[in-house]
1. Testing TYR18 on (1) touching a Leu at 6+ places or on another chain (Cβ under 8 Å); (2) of a type outside the set (Asp, Glu); (3) closer than 14 Å to LYS102 by Cα, one condition comes back false. Which one is that?
2. Do we find that ASP57 is touching a residue at least 12 places away in the same chain (Cβ under 8 Å) and more than 17 Å from VAL101 (Cβ to Cβ) in this structure?
3. Within segment 91-108, can one find any residue that is of a type in the set (A, V, I, L, M), over 20 Å from ILE22 (Cα atoms) and surrounded by 14 or more Cβ atoms within 10 Å (Cβ to Cβ)?
4. I'd like to check something: does segment 34-48 contain any residue that is surrounded by fewer than 13 Cβ atoms within 10 Å (Cβ to Cβ) and hydroxyl-bearing (Ser, Thr, Tyr)?
Amino acid sequence: MTMQLSFTKIENELLPEYRRKIGSAESTEDVKKFYVYTMQDLFRQVFGGKIDLDFEDISLQPDQQPSFVISTVLLDKDDFTYVWNTSDLPNLVGRFTETAVKHYRHLEKNPKKTEAKIRM
């Protein structure tokens with residue numbers, strides 16, 4: 001029986017602030033930005049600072065499946081791939097991504113709301 005690492009505690013710590021930020025996003029670009037910042041926090045905590053996540057290392061791609069892309073720089077790191085393959089990290093990233101994509105699509109469908117918020 002293989003043991004799987006779990007990072008749901010970190011997810012639960014980050015989730016309330018993440019939802020607040022995503023909910024207050026005024027544009028689709030804000031959603032992408034808040035998503036990446038949260039992923040940086042998540043990875044920083046998961047890897048204890050051993051792996052630095054640059055802004056370009058993960059991105060939200062709402063029109064793709066899966067809706068996120070991880071850079072080859074990260075995928076080439078043994079520490080990263082080991083944790084990715086032996087933990088619930090892909091599921092956590094998937095849940096954060098799903099939340100971001102839902103709000104991204106909401107803003108995309110309602111551009112007048114976004115424009116009104118920007119003008120205020």
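No lab work stands behind these numbers, since they all come straight from the coordinates. Keep in mind it's a predicted model, so treat the numbers as computed, not measured. Positions of Cβ are backbone-derived with ideal geometry, glycine not excepted, and every protein chain shown enters the neighbour counts.
1. Condition not satisfied by TYR18: (1).
2. The answer is yes for ASP57.
3. no
4. No: zero hits.
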